[in-house]
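Accompanying notes for the structure given below.
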Amino acid sequence: MSQELGRLDRPSALQFVGKKKLLLLPLIQAPNADEVEVKEILDRFWLQAEQQIDSLSAALGPIQYVFHETVTEDGEPGLKQLEMFSSASYEMVKNKIESGSSMISVEDPELLMENLDLRRLLMMPLSSHNVAVRIQDWFSDNSKSRNEGIANKIKDCIQSNEVGILLISDGHQVQFPADLEVFYVAPPALDEFRQWLQIWVQKQRAEYSSQVQTDSAL
């Protein structure tokens, strides 16, 4: 069961007493994060996300566990990993840990490395259709195993009446167990970012098409 909520009033929160609860925050990344417009959107996103998470936590209970995709170690080592590759979410996670939450890894290191390598291969132009199909199938199998692993780790970790938070890519395909109440954190700036990204992609395609036409004319 998934709910998109920014806050819960006390009467509504009572129905979740004794249940396993997970706050789900989508991770967003801009292709060109240095642009002033998108930087402002990202700043708003993280500010609004923190406000919504604090509001939900006040109603549901303190956050015991922090889960973050691509983190392969628990505790302080996991936080240091996060600091190296995700400065945007690092501060939020660091604040939660300083407030008493525990950093719990959800990734199998081998599956994660395999997933990242396959993503790189899928971005490369390949001459053989058969090779491309096999790599896509391999990637699909890997992603399924990785998603199942993330779901199982969260399922085994969160106990009755406990609260966790998962930070994972927007558009993920993790299927959560039925006994876990999932609260989707959706800051208003998330829609702003999606609109910006759609326009950015359209511009890139137009520029690429124009370049192809220019090269063809030469």
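Structure data summary
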read-out: Evaluation of residue 85 against (1) within 19 Å of residue 27 (Cα to Cα); (2) touching a strand residue (DSSP E or B) at 6+ places or on another chain (Cβ under 6 Å); (3) exposed (fewer than 14 other Cβ atoms within 10 Å of the Cβ) (one fails), failing number; value: (2)
read-out: Extreme residue, most open to solvent (accessible area, probe 1.4 Å), among residues of the stretch 102-134 that are out of contact with any helix residue (DSSP H, G or I) (no Cβ under 6 Å at 6 or more places or on another chain) and polar (S, T, N, Q); value: 127
read-out: Check on residue 186, over 30 Å from residue 66 (Cα atoms) and at pLDDT below 95; value: no
read-out: All positions within the stretch 64-76 that are open to solvent by less than 60 Å² (accessible area, probe 1.4 Å) and not in a strand (DSSP E or B); value: 64, 69, 70, 71, 72, 75
read-out: Options 140, 160, 99: the member that is open to solvent by 50 Å² or more (accessible area, probe 1.4 Å) and either more than 30 Å from residue 64 (Cβ to Cβ) or acidic (Asp, Glu) (or both); value: 140
read-out: Any hit, the stretch 64-71, residues being over 24 Å from residue 192 (Cβ atoms), at pLDDT 95 or above and over 16 Å from the mean Cα position of the chain (by Cα); value: yes
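The values are calculated or read from the model by the stated rules, or taken from the named source; none is laboratory data. No experiment lies behind these values; they were computed from the predicted model shown. When we count neighbours, we look across all protein chains shown, and the Cβ atoms used for this are built from the backbone with ideal geometry, even at glycine. Only protein heavy atoms, including side chains, enter the accessible area calculation; ligands, DNA and RNA are left aside. Shrake-Rupley method; radii C 1.70, N 1.55, O 1.52, S 1.80 Å.
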